[in-house]
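A quick write-up on the structure given underneath.
The values are calculated or read from the model by the stated rules, or taken from the named source; none is laboratory data. If you're wondering where the values come from, they're calculated on a predicted model, not measured in any experiment. Neighbour counts run over all protein chains shown; Cβ positions are idealised from the backbone, glycine included.
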Amino acid sequence: MKKILVLCLLVAPFFSFSQEFRIKKGAVTDSLQFPGDIEESFAIYLPSNYSPEEKWPLIFVFDPQGRGAAAANLFRYAAEDRGYIVASANFSLKSEPIDSLSSKALLMMRTLFNSFPIDQKQVFSAGIDEGGQIASAISIFYPQMAGVLSIGNSFVIPKGLDKDNPYLFIGMAGRRDYMIYVMENYLKYFDKNDFPTEADYYDGKEGQWPPSSIIYNAVGSFTLQSIRDGNRENSEGLVDSIFQKEMDYVESLRRKREFLYAYQKLEQMEKTYEDFGKEEAIESKMKEIKTAEGYKTQKRNFNRAVIYERQKQDEFEYLLRVDIISKNFKNIGWWAYQVDELNKLKDSDNEARSNMAYRLHSYIDFITKREQKAVMNSSAEIDLKVFINVLRTAIQKEEPEAYLNIISLAGSDYNYDTALLYLEDLLKTGYSDMDALYEIPGTLDLKLTRDYNQLIKKYLGTARYFNEDASEEKEISIEH
């Protein structure tokens, strides 16, 4: 039966805060409140052998949706085996600027420092997407940071990078995530500035956390870095244990015939273990993988996919700029065709091409969404705003935002035919928020018309202003 640990937390006067936390060792405890009046919380994991008499390494975790307990559980297995406390934020990272979020993260850090016996030379941070940015950003304010795991995104202020206190930077991305190349650029930047780095990839797309087995290896790398820095002892064959776990992972890839991924992992391990005398074992495994039937084909497919992808990225960027400048409505069909072709490629038996298709589709989604935001927030003429939103409907047919924007723009311009066309296209996607359909800006007159309400009734079964007995459309007085 797991012991219950009751902690009476007397925090520094800065917080004027005391609270009794009832925390289970060996389990994730959720919803621990921040001190003071801040209505935020975090989840925490304490190893089953936790004792307040010892100092403990700490990993801060940041999930974009603020799913603290779920994110902490991904680190739980590694934290238990390697002896880490894990603290995971419950606040969303989607709606606030990075400086505000960094302040919350630092408050969370101070709370943990004043509440638990933390080894402040073994403090690490981890996060995905916006969480990866926060995990990186707090290193600016805490120069003793020992390591950062950034998944899918990161954040660097060159002037804020303390080159005298380099930390381990681990960059990760899903193989279907278009941000994979951005992460490679971050890794090159940290390499250039003599920070120790590691790269790892997993089966997944943007917004998807890696499996716990990948995270386990990353936490192992944190531990190895602490040993290198002299902040942790290599007790009871700790390095050998971490190394064997990674070799077991490589073997699991080999057995699944994922030879290229296994070889890439071994290449990274050469760098990771260069100070620990594991070169011979790694080189032997690399030779075995390299001679496996299928390795050369996988490598060739991967290289071809990468070359094609980079060419298409450049092409998409160029043509998007040209089409925006010229408001080229005639080219919308070309973009729709590109998306259709990428969707077909996603089902390819060639894994490299399939992953590439996912990345390219996400990339088109990203650059068109970026331009949509810029245009809609500008004083651009209505034709350009309509164009960028029509383009967005070709890229992401199921997302309602662009349809609603077009209905609003066309309604404001008394172009009811266009508004009704995109209203029906929106309803065909399965959109069913009736209240939102009657609150679209610029549609005060349009939403009272019979045609507008007939379409809504046709797809949703009812409409707010539909009169079954009316034989003629309601007369609307419109002043131009």
(request) Report yes if some residue within the stretch 226-245 is surrounded by 18 or more Cβ atoms within 10 Å (Cβ to Cβ), part of a helix (DSSP H, G or I) and among the polar types (S, T, N, Q); otherwise report no. (result) yes
(message) Could you tell me how many of the residues in the stretch 249-290 are closer than 20 Å to ASN301 by Cα and in contact (Cβ under 8 Å) with a residue 60 or more places away in the chain?
(response) 3
(request) Could you tell me which numbered condition TYR308 fails, if it satisfies all but one of (1) hydroxyl-bearing (Ser, Thr, Tyr); (2) within 25 Å of the chain's Cα centre (by Cα); (3) more than 18 Å from ARG176 (Cβ to Cβ)? (result) (3)
(request) Kindly indicate the residue of the stretch 138-182 that is among the small types (Gly, Ala, Ser) and within 18 Å of LEU112 (Cα to Cα) and also modelled with the lowest pLDDT among those meeting that condition. (result) SER139
(message) ASP323 - would you say it is surrounded by 12 or more Cβ atoms within 10 Å (Cβ to Cβ), acidic (Asp, Glu) and in a helix (DSSP H, G or I)?
(response) yes
(message) With the requirement that a residue be in a helix (DSSP H, G or I) and within 23 Å of the chain's Cα centre (by Cα), what does the stretch 330-359 give you?
(response) VAL339, LEU342, ASN343, GLU351, ALA352, ARG353, SER354, ASN355, MET356, ALA357, TYR358, ARG359
(request) Determine if the stretch 450-459 includes at least one residue that is part of a loop (DSSP other than H, G, I, E, B) and either among the aliphatic types (A, V, I, L, M) or outside the structural domain of ARG392 (by TED's automatic domain parsing) (or both). (result) no
(request) Return yes or no: is TYR201 farther than 17 Å from GLY131 by Cα, in a strand (DSSP E or B) and of a type outside the set (A, V, I, L, M, F, W, C)? (result) yes
(message) For the structure I just gave you, tell me whether ASN350 is without any contact (Cβ under 8 Å) to a residue 12 or more places away in the chain and among the polar types (S, T, N, Q).
(response) no
(message) Of the conditions (1) surrounded by fewer than 16 Cβ atoms within 10 Å (Cβ to Cβ); (2) closer than 24 Å to GLN65 by Cα; (3) touching a helix residue (DSSP H, G or I) at 6+ places or on another chain (Cβ under 6 Å), ASP203 satisfies every one except a single condition; which number is it?
(response) (3)
(message) List the residue pairs whose Cβ atoms are under 8 Å apart, where the first residue sits in the stretch 128-149 and is among the hydroxyl-bearing types (Ser, Thr, Tyr), the second is part of a helix (DSSP H, G or I) and surrounded by fewer than 24 Cβ atoms within 10 Å (Cβ to Cβ), and the two are 6 or more positions apart or on different chains.
(response) TYR142/LEU106; TYR142/MET109
(message) Within the stretch 210-222, does at least one residue satisfy the condition of being in a loop (DSSP other than H, G, I, E, B) and out of contact with any strand residue (DSSP E or B) (no Cβ under 7 Å at 6 or more places or on another chain)?
(response) no
(request) Among residues belonging to the stretch 32-71 that are more than 22 Å from SER154 (Cα to Cα) and free of Cβ contacts under 8 Å to residues at least 24 places away in the same chain, point out the one that is surrounded by the fewest Cβ atoms within 10 Å (Cβ to Cβ). (result) ASP37
(message) Among the listed residues TYR186, TYR178, identify the single one that is assigned to a loop (DSSP other than H, G, I, E, B) and surrounded by 21 or more Cβ atoms within 10 Å (Cβ to Cβ).
(response) TYR178
